[in-house]
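Shown next, in structure tokens, is the structure this report addresses.
Any read-out appearing in this document is the output of simple, stated calculations on the displayed coordinates, not a laboratory observation. This one's a predicted model, so the numbers in the text were calculated from it and none came from an experiment. Neighbour counts run over all protein chains shown; Cβ positions are idealised from the backbone, glycine included.
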Amino acid sequence: MGNLELSTACDFLNQGKLVAYPTEAVWGFGCDPYIEEAVHRILEIKQRPVEKGLILVAAGLTQFAELTKDLSKDQLALLESTWPGPTTWLIPDPKQMFPRWIKGDHESIAIRVSAHPLVNSLCSEFGKPIVSTSANNTGEAEIRSRLILEEQFADKIDYIIEGELGDQDSPSKIRDLVTGNILR
């Protein structure tokens, strides 16, 4: 993927548009998490209730610096030991830095630092985290083929970023940073 494609994807994100992109395991949908209309478009396409919340993906821990600055050394070490990688962490958001249309009914925010080079480059170029949710209808199988992605969603998204899926067999594991519990 070239810089022009990344730049084009970022232009779409900045305009509140939706992009599809390959992740470590499946195709994903993304948008700027701070543009409420874009987030609601993704939720509508996926038929996903806002109450469930969404995951944000970033290029590095620094993109979540404000959220993580009050974490303990042990909590930070735990994050750093799994990132970049396929673990999503639920991190408390007591200062309400992230909007309800991202967190849903939860007090924590679900975040991940991706090890996928394309996702990492996209978030780096965009300069902040993006929404990362599987490109499928809620409850249906994840999409692992660009052809199927195009057949089902080409008329509902604004831009598809070229690239290959990573070598993970399943979407990211979700863990709670406070309890350590694995939720997925």
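Of note:
- Choice from 43, 122, 76 showing the highest fluctuation, given a GNM over the chain with Cα pairs closer than 10 Å: 76
- With the convex hull of the Cα atoms taken as the outline of the chain, the averaged projected area works out to 9.5 nm².
- Table column - 3J(HN,Hα) (Hz), the stretch 66-81, Karplus curve with 6.51, -1.76, 1.60, x for Gly and Pro: 5, 5, 8, 5, 9, 6, 6, 4, 5, 5, 4, 4, 5, 4, 5, 6
- Residues 52, 46, sorted so that the one with the fewest Cβ neighbours within 10 Å comes first: 52, 46
- Largest first and in whole Å, the equivalent-ellipsoid semi-axes of the stretch 110-184 read 23, 17, 12, each the square root of five times a Cα gyration tensor eigenvalue.
- For the chain, the relative contact order is 36 percent, taking Cα pairs closer than 8 Å that sit 6 or more residues apart in sequence and dividing their mean separation by the residue count.
- The stretch 90-118 and the stretch 22-39: distance between their alpha carbon centers, rounded to Å: 13
- Cβ-based net charge around residue 143, under 11 Å, with every Lys or Arg adding one and every Asp or Glu removing one: -2
- Beyond 17 Å, the tail of the calculated P(r) for the stretch 81-147 holds 56 percent of the Cα pairs.
- The length gained on full extension between residue 183 and residue 72, counted as 0.36 nm times the residue separation minus their Cα-Cα distance, comes to 37.8 nm.
- Lysine-lysine proximity count for the chain, Cα under 18 Å, sequence distance 8 or more or distinct chains: 12
- Other-chain or far-sequence residues with amide H under 5 Å of residue 174's (modelled H): 88, 183, 184
- Cα long-axis angle, helix 117-126 against the chain (0 to 90 degrees, to the nearest 10): 80
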